[in-house]
1. Accessible area per residue of the range 141-256 at 1.4 Å probe, in Å²?
2. If Rh is defined by the Kirkwood formula over all Cα pairs and Rg also comes from Cα, what ratio Rg/Rh do you get for the range 107-203?
3. What is the range 1-94's relative contact order, in percent, from Cα pairs under 8 angstrom and six or more apart in sequence?
4. If the chain between ARG37 and ALA198 were fully stretched, how many nm would it gain, using 0.36 nm times the residue separation less the Cα-Cα distance?
5. Under 13 Å from a label point 7 Å along Cα→Cβ of ALA215: give me every residue in the range 182-207 with its amide N that close.
6. Please say if the range 143-186 is rounded, prolate or oblate, where rounded means a/c under 1.5 for a ≥ b ≥ c the square roots of the C-alpha gyration tensor eigenvalues, and otherwise the choice is prolate for a/b larger than b/c and oblate otherwise?
7. Could you tell me what percent of the accessible area of the chain is made up of carbon and sulfur, with a 1.4 Å probe and every protein chain present?
8. In what sequence, highest mean first, do 211-222, 196-207 appear when ranked by Cβ atoms within 10 angstrom?
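The values are calculated or read from the model by the stated rules, or taken from the named source; none is laboratory data. Bear in mind that the values here come from a model prediction, so they are computed numbers and not experimental data. Neighbour counts are summed over all protein chains in view; Cβ atoms, including those assigned to glycine, are modelled from backbone coordinates with ideal geometry. Side chains included, ligands, DNA and RNA excluded: accessible areas come from the protein's heavy atoms. Shrake-Rupley method; radii C 1.70, N 1.55, O 1.52, S 1.80 Å.
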Amino acid sequence: ARVVDRALSILPFEKPWFTRRGIAVAHVGHPLLDALRDVPPTVPRPDARSLVILPGSRSGVIERNLPWMLRVAARLRARCGDVPVIVAHEREDVARAIRVHLEREGASGWATLSTGDLHATLSNARAALSVSGTVLLDLLHHVLPTVVVYRLSHGFEVALKDRLLTVPWFSSVNLLAGREVYPEFCFAGEGPVESAAAALARLYVDGPERDECRAGLELAAARLGPAGACERAARATVDVAVNGPGAGRAGKERGS
């Protein structure tokens, strides 16, 4: 509060948090929505069958998560039949590392790699298994039922998480909706493979849990708000530069 003239929040629940602590804040919205402005939103087709795995952007995150996620996908296939599995990534430079994991986990016969156009892959999917991160908002854009994973490196991180994480969920979509729309699992070590597979199966098949998830996604999308964050952020910044830190409240009172 001493050093910030005005904070710019991207998620709607952030503004009240800053305000309660005496920090001037303007809610501008999420800039990813500007990037998604030209990406047609979709909903899963009734005949869609593929499961998309999103193992993270960095090599270390992929190394930590992808083998575990493939084991979950294998159990989903045991429950729901020959589910087509696609490991999706926007960068071609990680393709070789991903293929190595597919070979090591014995998944190369039933899982394929798709690089490049992430949204084309998501628009044809039925469900997803994803690490936590900004990509969840891409999944939200396509109203795609998803199980979210946050696999920690060491057991002591679990103890830190239990003491430091004070919100009920860690994924942004659940925080937006105010309830667990996406089943989420945070763990170290082998973790809850069977529980994650069971949660994924409940979202994959038609039924009340899939319907409830999609309704929650629509609520989260509505709360996230419209595109235009970059312009709103620029206007707020110029307002502070030209009129001073207190201009936002005065301008609001004037209706400007």
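1. Details: 6170 Å² over 116 residues.
Counting only protein heavy atoms, the per-residue value for the range 141-256 is 53 Å².
2. 0.98
3. Reported as a whole number, the value is 23 percent.
4. Taking ARG37 through ALA198 to full extension adds about 54.5 nm, to one decimal.
5. Answer for this model: 207.
6. The shape class here is oblate.
7. 54
8. Numbers: 211-222: 17.1, 196-207: 18.8.
So the order, starting with the most tightly packed, is 196-207, 211-222.
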